[in-house]
1. List the pairs whose first member sits in segment 97-111 and is free of Cβ contacts under 8 Å to residues at least 24 places away in the same chain, whose second member is surrounded by fewer than 17 Cβ atoms within 10 Å (Cβ to Cβ), and whose Cβ atoms are under 7 Å apart, counting only residues at least 6 apart or on separate chains?
2. Every residue in segment 144-162 that is surrounded by fewer than 20 Cβ atoms within 10 Å (Cβ to Cβ) and among the charged types (D, E, K, R), please.
3. Take Ala63 and decide whether it is in contact with a Gly (Cβ under 8 Å, 6 or more places away or on another chain) and either outside the structural domain of Leu158 (by TED's automatic domain parsing) or among the hydroxyl-bearing types (Ser, Thr, Tyr) (or both).
4. Considering segment 42-79 alone, what residues qualify as being under 17 Å from Gly171 (Cα atoms) and aromatic (Phe, Trp, Tyr)?
5. State the number of residues belonging to segment 94-121 that are surrounded by 12 or more Cβ atoms within 10 Å (Cβ to Cβ) and more than 20 Å from the chain's Cα centre (by Cα).
6. Of (1) surrounded by 24 or more Cβ atoms within 10 Å (Cβ to Cβ); (2) over 20 Å from Leu4 (Cβ atoms); (3) not small (Gly, Ala, Ser), Glu203 satisfies all except one. Which?
7. Can you pull out the residues in segment 57-68 that are in contact (Cβ under 8 Å) with a residue 24 or more places away in the chain, in contact with a helix residue (DSSP H, G or I) (Cβ under 6 Å, 6 or more places away or on another chain) and closer than 21 Å to Ala227 by Cβ?
Amino acid sequence: MNDLRVVVFDTDGVLLATADRHAAAWKETFDGCLHEWQPAQAGARPRPFDAVHDYRALVDGRARLDGVRAFLAARHIDLPPGTPGDPPGCATVHAVAARKEAVFSATLRTEGVRAFEDVRPVLQELREKAIRCAAVSASRHARSLLKSAGLIGYFDALVDGQDAATLALPGKPDPALFLEAAGRLGAAPAHTAVVEDALAGVEAGRRGRFRLVVGLNREGEPHMRDALRAHGAQLVLPDLGGLPAALEGDRP
């Protein structure tokens, strides 16, 4: 084994099959507000949120507030910031973020969460190779979701949205979450790999100068593969199965 000592995994879309639920929650949130923000004029309808392209480009991997701001900026919509106590709604940035949180939480209560099938075997193999693992997420749900999926015991550190708020860590594409996770395991970026499926996440890995930045393209889309590379992934894999070999310096 080379001197890679730690792997930091993103959670949604890498470990847990929750990315589609986040996308659906964002769509319900934004589409429900669009007519209030952009009233139809001359029969024109506001363009709805695209749960694939808008999701990946604007909100995937970002903290909720950052995702709201990115979408509003892309649509040239100006809202007051509001305050963290704002109830779910459409009138402020905080209200929209709270609306998304409420929609996503309701989905989790009814549908639960599952881990991808390749996750446990790979985490077990890394444990056997004495590679320590950390999980990172912008979501405050990450710890409870990893517990419910039976994965929490595989990780030596977890940095989630609650930690980010407490420590005032900026969200991706800033590398702060990844650096915090690696630091908790005593590893410098030069000895750490990052595994991400979001464009903002691989960009964070690049900015943090991590030893290896792996982009995960579970859908196998050529456009997404190219985008992950363009944003900083040194290697793009279709699933986690090839990760242990990649950490050895080989290619699957």
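The values are calculated or read from the model by the stated rules, or taken from the named source; none is laboratory data. Because the structure is a prediction, the values reported are computed rather than measured. Cβ: placed from backbone, ideal geometry, glycine included. Neighbour counts: every protein chain shown.
1. Listed by first residue and then by second, the contacts come to Ala98/Pro87; Ala98/Pro88; Ala102/Pro88.
2. Lys147, Asp156
3. The answer is yes for Ala63.
4. Matches in segment 42-79: Tyr55, Phe71.
5. 2
6. (1)
7. Val59, Gly61, Arg62, Gly67
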